Structure formats: structure tokens, C-alpha cells
């Protein structure tokens, strides 16, 4: 194992990069803009130049670098091929590994960005010490990654781990971003939590501080639930039940050691963790009821940690 590795997290606005010691120490992290003009033709040259400059800054020879792991917002096949990145202005359907490696002269592995975050949390975050992990990101949408025996589960089409698109409702009257109806994302995301809140407010005259907000956000719902607001608690219980149901179903297939909750909604903290855990235990197969739960701990750095871990076959 060489001494250094780079982790890259390619986002729609910025590219996050990290230089690591291969034993897991983050030496430096930085960002560059994500330039998407002309179908993103400058993205990989920009990343290559930034890494080359960092090698020069730290006086590191390329031969001392194990490689570059990069997480991208799209389906990835064979650790190389990006099928589609919808938020990168048409960028996709080519061999990212080959092209970036040619620019920088260092081996490159590629993975979906949610899977990269899952690897990062397994390596140095909320799932450290475990090798069978379900990682869930709860934000505007719901994403995730599944790790079995220390390796990311990608599937035949690069779509494994798309937790947000598990169908949990048969009578849904609105469409998910994927075009289908009844997806978990529509109910357990920040957007879904707010939707649940407005539905309850419309159907109930029960007093609640939720009515005082001009523009309600998921964090407001959780804050009031912590204060004992009964309507807010009803909203969170609905979300817990939906997410717990989905996770119990996944656990029947992968039998994880631990489930890690991340993303912006996870900032709600213990109330979320315990609520989802309780719902999971209610629906889980008996052998899986004692699955561990934790909150993600790496925040926005999870992707770069996961990228660096990806390149190390350890």
C-alpha cells in the first residue's frame, strides 16, 4: 500500500477534494468550482490540475500515491463507467476512470456519490468497525448506499442502494422525481416531512405551533416535536414508520450489522435515531431486530473519505 490517496466528491456546484494518508488520516481538504459548461468538458481537467498542484504543494511523488477515488452523482458500472449525471449538464456515458487517469497519471476508481459517502462512514465515521452497513441520506430526497462484507453493492445497472425509490405506498397521489408514485423519498425526505405536516394541519384543528410558520421546514417539525408539540410528533411518527418499514425490508435482504442515518435531516439527532430504530424493530424480521443504529459523523466530508477508501483494496 502506497502512502497517500486522494478522495474526490463531485457535486453540482463544487468539487470537494481530500489528500489522505492511506491509514485514514486526512492531511488536507479543499474545493474547486464545478464547471458544467460545454457538457462539463473541463471537469476532469480541472480535477487533474488541482490534484497535480496539491502534489507539488506537499512535494509528493505520484509513485507514492495509491490512487484517486471519485464519487459522482450518477450510476456507475465496474468502477469506471458513468451512465448518467443528470445535474452535470449532460455529463455522462463515458469512462471517467480512464479519462481522469490519463490526465493526472494516477489510477482512478469511480463510484456513485451516495455509495462513496457510505464507504466513508464505514471507514472513519458512524459505521467504523463494521463491514455490513446500510447508509441512508435524508435530505431534499432520500439516498443511500449498501455495503456487504466491506464492499459497496452496486448491482447490474449501478442502481443498488437507491433506497429512496423503494415503494412504500400504493395509493400515492403525487409523483416522485423518478416518475413513479409511492416512493420512500416522497415521505421520509425533508420535503416529505413538510408534506405530511401540511396534510395534518389541513385535516385537523388541533392546536400546534406548526401553524405559526409562513414557510415550514423539516427542522421546524423536529424542533417542535422535541418540545412536545403533539401534531409535530404525529408528523415525525409517520416519517419514522415509513423509514422503519423500508429499512426492515432491506435488512431482510442484506442483514446489516449497523444502519447509519445521514444527510441534513439527521441533524435532528437522537429523536430521529430512536424514532426510526423503534419503528424498525416493530417491522424487522426477528433475527434482525437488534441491528445497531447510529448517526453519520463525517458530514460533508463523507464523500472524500469514501473516495479515498474506494481506491484501497483493504
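Take the conditions (1) in a helix (DSSP H, G or I); (2) closer than 24 Å to residue 143 by Cα; residue 68 misses just one of them, which is (1). Restricting region 114-133 to residues that are out of contact with any helix residue (DSSP H, G or I) (no Cβ under 6 Å at 6 or more places or on another chain) and part of a helix (DSSP H, G or I), the residue that is farthest from residue 308 (Cα to Cα) is 114.
When residue 15 is tested against (1) more than 19 Å from the chain's Cα centre (by Cα); (2) without any contact (Cβ under 8 Å) to a residue 40 or more places away in the chain, only condition (1) is not met. Restricting attention to region 50-63, the residues that are exposed (fewer than 15 other Cβ atoms within 10 Å of the Cβ), without any contact (Cβ under 8 Å) to a residue 40 or more places away in the chain and at negative phi total 5. In the set (1) surrounded by 20 or more Cβ atoms within 10 Å (Cβ to Cβ); (2) outside the structural domain of residue 8 (by TED's automatic domain parsing); (3) under 14 Å from the mean Cα position of the chain (by Cα), residue 280 fails one condition alone, (3).
Being surrounded by fewer than 22 Cβ atoms within 10 Å (Cβ to Cβ) and farther than 22 Å from residue 147 by Cβ, is that true of even one residue in region 247-262? No, region 247-262 has no match at all.
State whether one or more residues within region 255-270 are modelled with pLDDT under 95 and within 20 Å of the chain's Cα centre (by Cα).
First, pick out the residues of region 255-270 that are modelled with pLDDT under 95: 263-264.
Pick out the ones that are also within 20 Å of the chain's Cα centre (by Cα) and you get 263-264.
Within region 255-270, one or more residues are modelled with pLDDT under 95 and within 20 Å of the chain's Cα centre (by Cα).
Among the residues of region 278-305, the ones that are under 15 Å from residue 135 (Cβ atoms) and without any contact (Cβ under 8 Å) to a residue 60 or more places away in the chain come to 4 in all. Note on region 30-54: among residues that are in a strand (DSSP E or B) and within 19 Å of residue 110 (Cα to Cα), the one that is farthest from the chain's Cα centre (by Cα) is 32.
The values are calculated or read from the model by the stated rules, or taken from the named source; none is laboratory data. Note that the coordinates shown come from a computational prediction; the quantities given were computed from them, not determined experimentally. Cβ: placed from backbone, ideal geometry, glycine included. Neighbour counts: every protein chain shown.
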